[in-house]
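Colleague: I am attaching a structure below and will ask some questions about it afterwards.
The values are calculated or read from the model by the stated rules, or taken from the named source; none is laboratory data. In this text, all values refer to a predicted model and were calculated from it rather than measured experimentally. When we count neighbours, we look across all protein chains shown, and the Cβ atoms used for this are built from the backbone with ideal geometry, even at glycine. To get the accessible areas, we keep the full protein, side chains included, count just its heavy atoms, and leave off ligands, DNA and RNA. Shrake-Rupley method; radii C 1.70, N 1.55, O 1.52, S 1.80 Å.
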Amino acid sequence: MPDNDIISVCANCGKGEEESDNLKACTACNLVKYCNRECQIAHRKQHKKECRKRAAELHDEKLFKQPPPKEDCPICFIRLPALPTGG
């Protein structure tokens, strides 16, 4: 199903995008959306544990992802080695 067919709702009050001007995703985990800052603050206690877990997962994915092949280091511009994949 395409993303544009998914109806998003505020994780705190349940208002959908059609009722709220613009839902904004949690910037740490992107798992939930809120219609405003007050809803985000009110929902924080329930969301905090899962948010930290997902934020750590996203950080690890970014940290340990393999560089694209044949890419130069952005600092020294030396070609980065490609690690073998598979077994």
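Colleague: Select from the stretch 13-71 those trypsin sites (Lys or Arg not before Pro) which occupy a DSSP coil region and have at most 13 other Cβ atoms within 10 Å, ordered by residue number.
Modeller: On the way: sites: Lys15, Lys24, Lys33, Arg37, Arg44, Lys45, Lys48, Lys49, Arg52, Lys53, Arg54, Lys62, Lys65, Lys70; in loops: Lys15, Lys65, Lys70.
Those that pass, being in a loop and sparsely packed, are Lys65, Lys70.
Colleague: What ranking of Val9, Val32 comes out by heavy-atom accessible area, probe 1.4 Å, highest first? Please report the intermediate quantities before stating the final value.
Modeller: Numbers: Val9 75, Val32 30 Å².
Ranked from most to least accessible, the order is Val9, Val32.
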